[in-house]
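Presented below is the structure to which this report refers.
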Amino acid sequence: MGCTASSDLPRMKTRDRIVQESLLLFNQHGERPITTNHIAAHLGISPGNLYYHFRNKEEIIFQIFCQYQDYMREHLRIPETRVLEAEDLARYLDAAFAAMWQYRFLFYDLPGLLSRNDPLRDGYHAFVRNELAPLLAQAFAEFAGIGFLSVQQRDIAPLATNAWMIVKFWFPFQQTIHPDTPISEETSRLGIRQVLSLMKPFVQPDFAERFAAMEARYAPMTT
């Protein structure tokens, strides 16, 4: 089972609608309680029509992962025509937390999903190992190279990993400690502030003002 491209036609194909609406249902209700029958009923199609496109729920989940993977590749890639700037850190955090929100069900029980879906497990591990981890390490190395961060070479990969762990598990963590508080835009902003607090001790004095402006951008929202 491999990733397939979404349709570019103005009228969305049934296969693409299944993926899109399944993502909506999984995010709203969690993945476990939603069956293929629920998905078919939600779309107003027969289960047989759904099975024509996907043999089971695991195939749908894998295609959702493919969308997440494509999003991350597009929004986190390192520019080829310029060096990174300090402000790119905020751009990366915006994109990463947007992905976590859009595909949040994937990370509420990621070990469970991977244990039940071999293609998803293999695809996820390959993506993290071969693409995401090297990309994050490269970005943090460039931040160090421009003098934004003061971090030794051996500490770049661990620092990037720590930042990624905050991003990856922020929504589940917040749901655990605040079960009665709905996840919202402010939850993402709080997560970004948490990552910035991790980075702050490494920021060089020449970039202190620009970093402070970055922190102010994600200050708590007032009502």
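The values are calculated or read from the model by the stated rules, or taken from the named source; none is laboratory data. Computed from a predicted model, the values in this text were never measured in an experiment. Here Cβ is always computed from backbone atoms with ideal geometry, including for glycine, and neighbour counts include all displayed protein chains.
Things worth noting here:
- Filter result for ALA137 (among the aliphatic types (A, V, I, L, M), more than 12 Å from the chain's Cα centre (by Cα) and more than 22 Å from ARG217 (Cβ to Cβ)): yes
- Whenever a residue of the range 139-159 is at positive phi, its partners that are in a loop (DSSP other than H, G, I, E, B), lying with C-beta atoms within less than 8 angstrom and at least six residues away or across chains, give the pairs GLY147/GLN204.
- Within the range 26-39, the residues that satisfy the criterion of being of a type outside the set (S, T, N, Q) and surrounded by fewer than 18 Cβ atoms within 10 Å (Cβ to Cβ) are HIS29, GLY30, ARG32, PRO33, HIS38.
- As a summary of the residue check, GLU85 satisfies the conditions (1) over 22 Å from PHE140 (Cβ atoms); (2) touching a residue at least 40 places away in the same chain (Cβ under 8 Å) except for the one numbered (1).
- Complete set of residues in the range 85-134 that are over 12 Å from the mean Cα position of the chain (by Cα) and under 16 Å from VAL195 (Cβ atoms): ALA86, GLU87, ASP88, LEU89, ALA90, ARG91
- Single unsatisfied condition, THR223 versus (1) over 25 Å from VAL83 (Cα atoms); (2) modelled with pLDDT of 95 or more: (2)
- Contacts under 9 angstrom Cβ, first residue in the range 97-120 being without any contact (Cβ under 8 Å) to a residue 40 or more places away in the chain, partner of a type in the set (Val, Ile, Thr), 6 or more apart: ALA99/VAL167
- Any chance ILE192 is in the same structural domain as ILE78 (by TED's automatic domain parsing), of a type outside the set (D, E, K, R) and under 19 Å from the mean Cα position of the chain (by Cα): yes
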